[in-house]
Structures are given as C-alpha cells and as structure tokens.
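Reviewing the structure listed below.
Derivation of every value follows stated rules applied to the coordinates shown; laboratory data play no part. The model shown is predicted, which means the values in this text are computed figures rather than measured ones. All Cβ positions, even for glycine, are placed from backbone atoms using ideal geometry, and neighbour counts span all protein chains on display.
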Amino acid sequence: MSSTSGSATADKPKSEDSSVPQRPSEALSKDECLELFRLLYLARYFDVRLIKEKKRGRLRGTLYSSHNQEAVLVGSLFGLQANDWISPIHRDMPAFFLKDIRAGWRNPERKGMSIEEVCCQVWGKVGSPGRARDNWSHIGKRDAKIIHSTSMLAGTIPVAAGVVLADKLNGGNSVVLTFNGEGSTAQGIFHEAINFAAVHKLPVITIVENNQWAYGTPTELEYSLPDFARRADGYGIPGLIADGQDVFDVYDKVMQAVEYARAGNGPSIVECKTFRAYGHGDHDDDRAVRYREPDQVEKGRERDPIAVCRKKLIEKGYLKGEAAKKFFAEGKNAAEVTDEDFPPEVVEYLKEGIEFALKSPVPDEAEGAMWVFKENA
Amino acid sequence: MATLEMTYREALQKSMFEEMDKNADVFLMGEDIGRYEGTFKVTKGFFPKYGTRRVVDTPITEAGFTGIATGAAMAGLRPIVEFMTMSFSILALDQIINHTAKIHYMSNGVVKCPIVLRGPGGAAKQLSAQHSHSMDGWFAHVPGLKVVCPATVADVYGMLKTAIADDNPVVFYEHPRLYAMKGELPDDPNFTVPFGKAQILREGKDISLVGYSLMTQINLQAAELLAQDGIDAEVVDVRSLLPLDTETIYASVRKTHRAVVVYEDWKSGGFGSEIHARISEDCFDDLDAPVGRVGGLNVPMPYARNLELLAVTNENDVVAAVKKLL
C-alpha cells in the first residue's frame, strides 16, 4: 500500500499501482464533459430553487446550501458504477439524484433517487423512500445503494464501511464514497472508522468537503495540519487533494481512489478544497455575514465551479460561439439568479419534481408508530 | 426429552457454533475474540474453526465496530458483536441509538438491521466503577432495540438462537457471574426460547419476586431462605425486557397480591422501576401492599470488596424487602 509522506501528494503516482491512470478525465468524451457541465447547473439550480421556495413560504425545514461546492458532488459521483454505494450528508442534497444519473435523468432503473423522490423528502411527503420519517438529509435508499445519513455526521462512516465489508465478505467488488465536511473529521468516530477500514483494507473513499467552516468555526480551530489530506499519513493510506472548484480535478482524484480501492488496496481520503457560499444553514446566513469577513467570502467564491468548468470546456473546444456565452449562473446568489440563467432542461427537471411533491400526500397518521420493529417473516 | 448438563458459557458457545454452521451470513466481530478467543472465553474455538472471514478481530473501537457491524447487517449479513463488557457499550451508544436502532424506522421498514450485541453486563467481582455497569435499562429505553437478559443455561442457549434469527437489533445481556453456572438444557439443536415470554421458576402463593439475569438466581436463593421462615415466594423470571411480558408478571401478582421487583442496576431509574410502575398502575386493585423494589446502591461501583458487597443486591436484601411487606 502506498502512503503519502511529507506534503500531501495529490499528483504523485502511486508507486505500487501504476495501472491507475492519473488523469482519467482525459478519457471523457465531449458529450460526457458537456454532461458534467449540465450537472453542475442541475445541482446549483436545485439549491437556488429550494432557497426561493423557502423565501416564498412554500417550504419548511433547514436548508444546508451546497452552493459553490457542486463540483465536489458532481465530480466525485460521475465515475461511480451503479452498484457502488454513497453516504452523503446534509450539505449534499443533490447527491441523492446525481447518483448514477449517467444512466439517464429519468431512467426509473437507475441506482439513484429520482428528483420526485428527493423533492418528496424535502417537502415531507410519502413519495420519499423513507416516507418522510426523518428530515431532509436523513434519507437513504437501499436499492439505490444510498446509505442514510444522520445528524452525527462522521457517525455514518463506520456504517458505510460495514456495508462494503458485507459486500466484500460476499465476494462483491463495490466501493463506498462517504461524504463529510472537514468539521466532522474532528469526531472520534472518524478516526475509528478510517483506522478500521485501513486495517481491513476496506474500499472506503472518504470525501472531505473542506469548505473552510464548521458551522461558525474556521479550519485553524478545527485541525492543525497545513493540508487536511495529510491526516491520511497516520493511517498509512493515500491522502489526495482535489481542487474542489474544478469538476475535472475532483473526478480525477476520486477515480484514482476508487480504482485503488477496487483493486483491493483499501481506503483513501480525498480532500476537496472548496468554500461554503452561505451560512451553515439558512438559519445562520445573517450571522455568517458577521463572522466571515466580506473579502474572505469574496475570495472564497471567486472561482465558481460553473465558471471553472466553462473555461475548461472552451479551452477544449467543446463550447464555442454563442453556446459558450449562454446561461450565466456563475457568481450569482439565489436572489440574483433567474431561470434564464440555467439550461431549460434543468429548470424543467426540477419543476417536475417540485410539482410532484406539492401534489403528494403527507404520511397517514397511523404510520407514526409503525416500523419501530421488523416483524420476522 | 434427554437433557445435557453444561455451563452457561458452554451453552452460549454451543448455540453460536450451531447457528454459524447453519447460516454463513452469521459472523462474529469484536475485540480479542478471534486469535485470543475472548476475554471471558466465550468465543473459544471459533477462530480456529471459522477463520478470518467469519471471526473478525477489531482494533479497540467500540463505536467503530458497532457502526461497521450495523452497516454489514443493513447490507444483509447477521453480525454477532461482542462487547468485552457491556460497560464498554457506552462508547458505542451513539451508533446503537442513532443508527442500529433507528434505521428500520427511518427507512419506513425497508432496511432491517439483524444484529446481536452481546457481552457480559453487571458486576463481576471487584472490577469497580467502570467495568460493572448494568446497561440493560439504558438499552430497554430505546425504541427499536430488543433487550433480553437470560438467567438460566437453557435460556441463554435458546434465546441466543432467537436473537440471531431475529431481524431486529437485539441486545443480548449475559452476566459474568453466570458464565460458570451449571444447568440443564434440552438435547435438541432446534430448541429455542421466544422473546416476550416470562417464566415462573418457582411457584409460591405469598409474594412474587420479579427479576431477570443474575437477580433471578438471587431471587431463587431468597425464596429458599424465605421458605425456612414459612414464606412461600413465587419467582418470576422476566427474561426479556423489550418486549416485556407483563401478562405473566401480572398473573403472578394477582395470585400472590404482593410483589418485589429486584434489579441489579442503580435503583434510581433502572428498568426495575419501569416494571414496578407497570404493576402499580395495572394491578392496583389486586395488591395487598405497595410494590417493593430492590436495586443497586446509587454509587459508582466501589472497588473494596466490603464496599462492593454493600452496593450489589444479594438474597438477604430481597428477604428484608419481602419481610417489610408481609
């Protein structure tokens, strides 16, 4: 097993496994690259629409925005196989419908959630896989290989590790991506889970969405490493660093870790450096303006993942002329952006999901006490 | 039917061997359970027989391995997790309460979690403040867990089989002072003991002694002492806390019209208080005296043997509580 030593070695080849390509994104076709671009819009629009729905008073619950972090979700999920698992957290709501979306946005067979299911979860309606038994982000779907999250955040990492342990004991070859903010990495269970996975070489890829803020606490009060990825050194596992604003770089680093795990080498940590656009949740937006300096926020948001992707696609020659100038969602807050800033198919997709959720019934009152126990067959 | 005589520990081993032979999805996980064969030697002989795939030695990581076993159960396996002592399950409470116990409910009944969390709980001998916890009442407070506390050799054998077959998480509560106890069990690999069925281990007409785990054995000893004084005590072994068989308990109370609930946990807020409250609520008209309650002293378990003996319930405490009510 290769281990990082010295500085975090995002770009160094892993000596034992030279078969893992360093830049798998270079093999993506033009259509796939353009799809990555569209998916960034989709993730952004989901966020924007929910913010607008809350402002309109059509929605309750707390919104943990993934604005400015979309490349982490899109880039890390794009290369997974259908039977791989994910365990997203509260800030990753788009992950639920982005999983296996390459199989077709509306494909009912795909191993992910439909937009209708995700919207039903958000609105607390029966159409969600959990029939709205718990809040927005506490959602899982076994058939889609999506593990429920909990408010304990890193507490889901051992559960995810256990799921792939079971697959491994049964001769399977799946991997799991567990998503965490850098904040939850300070929990003891983060260590316990990753140490266990390292000892038993479990295919667990821990995506650390380093958005610089744990609620109101900055990284210098969270950990004392220059790069969080170096934490991996202590476990003898690879620690990779991805530019969290660049969907292609995230894709490359996560796919390196995925292939490494699938080959039986064990877990990795992939630190995706990004920046949280708003407050911790929408209840915190007003205070976040005070605990974060305006120039710090401006700097953290200056590389919008949509803009970074647009630039790359223009460089590759995949976006030209008028097409390169359309749909300028980047750099705009939810209050500033309009439907005109997004591709129409993205707007339509969300509209279908939201309308479905609004029309769906709430759970029957009798359901409240059901399913505490499984009745043995 | 022919019977076998063996210890409580041997009955546990026999039960696990038989279930692991039957079902390849059953596997063991815990600290020092494989190569070392278990601190209390419950897993003696398992690693040589089943190897690394089915006997997983873990780092010292209660929260970690509980979560990992929970994930494995969610994905279709049937893990048996050993806590070296139930006192260490405190380290895993977040995993147990927030993941293991809730996933079936949160997934609206789609994801089951068939896991057995087993190990010795309660005071052994001079293991002091941090190794002597009675965690049964803590777990029996949580919807989504089943909690069983077998008191006899036959029960520990038959209830472990039921626990492994159950599609829910089961906290399987053994007692360190029972491991060496000898007893009989039916010579039948298909013998099981269902959850939610209390049993009368000794019939009597004057008072009901209600307890579980080691306290059932204490109650049997107390009943012997009471008999010398002409008091005819009935011993009700609760066996399973969740689900709780109140009918058998109530039927006994309606016969004797008096009851003492005996539990090892701290007296304040222990599960015995719940049984006490149920009897008081539901059998009020049948009672000739207030329901008695004997529990552990509300102190961290002292190390010095004389102080420990003061803190742990014994048969004389039960006799004294009975005599106050007659």
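Three principal axis extents of the protein assembly as shown based on alpha-carbon atoms, in descending order, are 103, 55, 46 Å. Between B:TYR212, B:TYR250, B:TYR173, find the one with the highest GNM mean-square fluctuation for chain B; connect C-alpha pairs within less than 10 Å. Result for chain B, Cα springs under 10 Å: B:TYR250 fluctuates most.
Sorting A:TYR41, A:TYR318 from the fewest to the most surrounding beta carbons within 10 angstrom yields A:TYR318, A:TYR41.
Converting phi to 3J(HN,Hα) with the Karplus coefficients 6.51, -1.76 and 1.60 and the offset θ = phi - 60°, region B:49-62 yields 7, 10, x, 6, 5, 10, 10, 9, 6, 10, x, 6, 7, 4 Hz in sequence order, with x at every glycine or proline. As a rough footprinting exposure proxy, the listed residues A:PHE327, B:PHE191, B:PHE65 were ranked by other beta carbons within 10 Å of their own, and the order from fewest upward is B:PHE191, A:PHE327, B:PHE65. All Cα-Cα separations within region B:3-186 were binned at 5 Å from zero, giving a P(r) of 1, 9, 18, 23, 22, 16, 8, 3, 0, each value a whole percent of the pairs.
Here the Karplus relation 6.51 cos²θ - 1.76 cosθ + 1.60, evaluated at θ = phi - 60°, turns the backbone of region B:82-94 into coupling constants of 9, 8, 3, 9, 4, 4, 6, 5, 4, 5, 10, 4, 4 Hz, with x for every Gly and Pro. Mean residue ellipticity, 222 nm, helices only, the protein assembly as shown: the sum of -39500 (n - 2.57) across DSSP H runs of n ≥ 4, divided by residue count and rounded to 500, is -11000 deg cm²/dmol.
Of the beta bridges in the protein assembly as shown, as assigned by DSSP with both residues counted there, near 20 percent are antiparallel. Near A:ASP134, no amide H atom lies under 5 Å from its own; only residues 5 or more places off or on other chains count, and H is placed 1.01 Å from N. Distances longer than 26 Å among the Cα atoms of chain A: what percent of all pairs is that? I get 49 percent for the Cα pairs in chain A exceeding 26 Å. Sequence neighbours fewer than 8 away in the same chain don't count; with that in mind, list the lysines whose C-alpha is under 25 Å from B:LYS44. Cα-Cα hits under 25 Å: B:LYS14, B:LYS22, B:LYS125, B:LYS161, B:LYS182.
Taking every pair of distinct Cα atoms and averaging 1/r, then inverting, what Kirkwood hydrodynamic radius in Å comes out for chain B?
Numbers: mean 1/r = 0.0500 Å⁻¹.
After inverting the mean inverse Cα-Cα distance, the result is 20.0 Å.
Pairs exceeding a 23 Å alpha-carbon distance, out of A:LYS54/A:LYS312; A:LYS141/B:LYS102; A:LYS99/A:LYS332: A:LYS54/A:LYS312; A:LYS99/A:LYS332. For A:LEU240, the amide hydrogen comes within under 5 Å of the amide hydrogens of A:ILE269, A:VAL270, A:GLU271, counting only partners 5 or more places away or on other chains and with H modelled in the peptide plane.
Kirkwood hydrodynamic radius of region B:66-117 from all distinct Cα pairs, in Å?
11.0
Only beta bridges with both residues in region B:3-186 are counted; by DSSP, about 20 percent of them are antiparallel. Need the list of aspartates and glutamates near A:LYS374 for cross-linking: C-alpha distance under 13 angstrom, and skip anything on the same chain fewer than eight residues off. Candidates past the 8-residue exclusion: B:ASP166, B:ASP167. Here B:LYS255 is the anchor, and the lysines within straight C-alpha reach of less than 17 Å, apart from those fewer than 8 places off in the same chain, are B:LYS205.
For the residues B:SER280, B:SER87, B:SER107, a GNM of chain B with alpha-carbon springs under 10 Å puts the largest fluctuation on B:SER107.
Once backbone amide H atoms are built at 1.01 Å from N, B:LEU241 has B:VAL147, B:VAL148, B:CYS149 as its partners under 5 Å, excluding neighbours fewer than 5 places away on the same chain. For the pair region B:125-157 and region B:282-319, the centres of their Cα atoms are 17 angstrom apart. On a per residue basis, the convex hull of the C-alpha atoms belonging to region B:99-162 measures out at 96 Å³. The Cα-based radius of gyration and maximum Cα-Cα distance (Dmax) for region B:199-325 are 13.7, 44 Å. Counting only DSSP beta bridges whose two residues both lie in chain A, roughly 10 percent are antiparallel. Taking A:ALA82, A:ALA324, A:ALA144 in turn, the Gaussian network model of chain A (Cα-Cα springs below 10 Å) assigns the largest fluctuation to A:ALA324. Put in line by how crowded their Cβ is, counting other Cβ atoms within 10 Å and starting with the fewest, B:GLU274, A:GLU315 read A:GLU315, B:GLU274. Out of every Cα-Cα pair that region A:329-377 contains, those further apart than 11 angstrom amount to 78 percent. Out of region A:300-377, which trypsin sites (Lys or Arg not before Pro) are coil in DSSP terms and have no more than 13 other C-beta atoms within 10 Å? Here the sparse-neighbourhood loop sites are A:LYS320, A:LYS326.
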